[in-house]
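Asks: Got a structure for you, questions after.
Each value in this text was obtained by applying a stated rule to the coordinates, not by laboratory testing. Note that the coordinates shown come from a computational prediction; the quantities given were computed from them, not determined experimentally. Neighbour counts run over all protein chains shown; Cβ positions are idealised from the backbone, glycine included.
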Amino acid sequence: MPLLAARGVNVVYAPARGARVWAVRDTDISLEEGEFVGIVGESGCGKSTLGYALTRMLRPPARIESGIISFDGTDISGLDGEQLRLQRRGGFALVLQSGMNALNPVRTVQHQFGDVMKAHGKQGDDVSAGGVARRAAALLEAVGLDAGVLRRYPHELSGGMRQRVAIALALALEPRLIVFDEPTTALDVIVQRAVLQTIKGLQRDRGFTAILISHDLGAVLSATDRVMVMYAGRIVEDQPAVALLEGAHHPYTEALIGCYADPRADVIQLRGIPGTPPDLSQSGPRSGSADLSQHACSFAPRCVLAEDACREQDPPLTPLGAGRAACFVRARATEASHVG
Ligand SMILES: Nc1ncnc2c1ncn2[C@@H]1O[C@H](COP(=O)(O)OP(=O)(O)OP(=O)(O)O)[C@@H](O)[C@H]1O
Ligand SMILES: [Mg+2]
């Protein structure tokens, strides 16, 4: 049984005024316990919305319009406040934002460990000042910081140190799933790599399940076991990282790999993807119906392979290569090569 399974998940932002935005559409995901998966895609494609939906941390005006999310066999998509709180106490899942947003600017690091452990910790945790300090020091050591950090305020720490504190705070709750949402975006390249290595090491040693959200395909490929590529609210490709390095199956992923500059290369060449991503307020189920098969492939206007069929229907995410991809042209080519 997978730790996390999402089936047919649709998420909509429905503000009181203005257009509804279909930020996540028709999404099926299965995550095994201990897996480290990446989600990549351009800004606005729905990565964070998906991460928050999977952990039931969405806030209005976003809501899960339809679909099932099950965590360790329990359907969590319909749980309300108190039931969700109980799940969280049991070590469910959380989203870790970038360090500045995750920390309280007016509390010392030690106080923040105390706040988190008292509010969300497991029953039986020692939340006395001494207990908190001991546990916090051990967690800080695990993320590469010394216990002196406990007396500091966030503004006294560098960006990389703040991110490490945020990771240690998340670990204090012993979640079984952690979604890292752009954890290194605000940091310089060297610090980014160091923090990612720390995350990867912690994940491997502690065995929690993790999702790394980033627009940096290189970072995701270096840290994770499996990569899901999102475009316009849908997952269009899902492959083992090693397989993606050998070649993608979806034309959008191929374009992304073309954009990914090898940091070891002497001359970095970025080839942008021509065209712009679609407006998600235009992409939802027509007239409120949930029939998503009525739509064209969102990438078709920018796709060099697009055919008539791609403009008439949205291709389903089907098995392709070592994983899944949503492309009529590539699915057909693979079929033909198997027959031939
Ligand atoms: N509060 C909101 N109200 C209305 N629409 C929203 C809201 N938040 C996000 N959206 C829309 O939902 C879509 C997905 O947003 P989301 O933040 O999930 O994308 P993302 O892939 O995480 O982008 P980024 O890489 O910039 O973080 C976007 O088109 C965005 O405009
Ligand atoms: Mg985001």
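Asks: Remind me, what semi-axes does the stretch 112-221 give for its equivalent ellipsoid, largest first in whole Å, using sqrt of 5 times each Cα gyration tensor eigenvalue?
Replies: Details: eigenvalues 118, 56, 24 Å².
With the √(5λ) rule applied to the stretch 112-221, the semi-axes are 24, 17, 11 Å.
Asks: How far, in degrees from 0 to 90, does helix 109-120 lean away from the longest principal axis of the Cα atoms of the chain, to the nearest 10?
Replies: In the chain, helix 109-120 runs at an angle near 70 degrees to the longest axis.
Asks: Follow-up question, since we're still on this one. Could you work out how far helix 328-339 tilts from the main Cα principal axis of the chain, as a 0 to 90 degree angle to the nearest 10?
Replies: 70
Asks: Near VAL12, within a Cβ-to-Cβ distance under 10 Å, what is the net charge of the other residues, with Lys and Arg +1 and Asp and Glu -1? Write out the running numbers ahead of the final one.
Replies: Details: positive: ARG20, ARG25, ARG63; negative: GLU65.
Its environment carries a net charge of +2.
Asks: Let me ask something else. What percent of all Cα-Cα pairs in the chain falls in each 20 Å bin, counting up from 0?
Replies: So the P(r) values, bin by bin, are 29, 56, 15, 0.
Asks: Continuing with this model, one more query. Calculate, in nm to one decimal, what ASP279 and LYS118 gain on full extension: separation in residues at 0.36 nm each, minus their alpha carbon distance. Before the final figure, lay out each step's value.
Replies: Details: separation 161, 0.36 × 161 = 57.96 nm, distance 4.28 nm.
Stretched fully, the ASP279-LYS118 segment lengthens by 53.7 nm.
Asks: Kirkwood Rh, Cα Rg: Rg to Rh for the stretch 164-249?
Replies: Working: Rg = 13.4 Å, Rh = 13.8 Å.
Rg/Rh: 0.97.
Asks: Compute the distance in nm between two label points, each set 7 Å from the Cα along the Cα-to-Cβ direction, one at ASP146 and one at GLU32.
Replies: About 4.1 nm, to one decimal.
Asks: So how far, in whole Å, is the C-alpha centre of the stretch 120-175 from the one of the stretch 28-71?
Replies: 26
Asks: Using Cβ contacts closer than 10 Å as the measure, can you line up LYS47, LYS122 from fewest to most? Don't jump to the answer; show the numbers that get you there.
Replies: On the way: LYS47 26, LYS122 12.
Ascending number of Cβ neighbours within 10 Å: LYS122, LYS47.
Asks: Moving on. At 20 °C and 1.002 mPa s, what whole-number value in µm²/s does Stokes-Einstein give for the translational diffusion of the stretch 1-158, with Rh from the Kirkwood sum over Cα pairs?
Replies: Numbers: Rh = 18.0 Å.
The calculation lands on 119 µm²/s.
Asks: Could you name the lysines whose alpha carbon sits less than 22 Å from that of LYS47, not counting residues in the same chain fewer than 8 places away?
Replies: Straight-distance partners of LYS47: LYS200.
Asks: Bin all alpha-carbon pair distances of the stretch 1-65 at 5 Å intervals from 0 and give each bin's fraction as a whole percent.
Replies: All Cα pairs considered, the percentages come to 4, 16, 27, 25, 16, 8, 3, 1, 0.
Asks: How would you rank SER43, SER214, SER77, going from fewest to most other Cβ atoms within 10 Å of each one's own Cβ? Write out the running numbers ahead of the final one.
Replies: Working: SER43 7, SER214 23, SER77 18.
Ordered from fewest to most neighbouring Cβ atoms within 10 Å, SER43, SER214, SER77 come out as SER43, SER77, SER214.
Asks: Regarding the stretch 50-106, what are the three Cα extents along the principal axes, ordered largest first, in Å?
Replies: 37, 26, 18
Asks: What net charge do the residues around HIS250 carry, taking every other residue with its C-beta under 11 Å from that of HIS250, with Lys and Arg at +1 and Asp and Glu at -1? It would help to have the intermediate numbers written out before the result.
Replies: Working: positive: ARG234, ARG324, ARG330; negative: GLU237, ASP238, GLU254.
Result for the neighbourhood of HIS250: 0.
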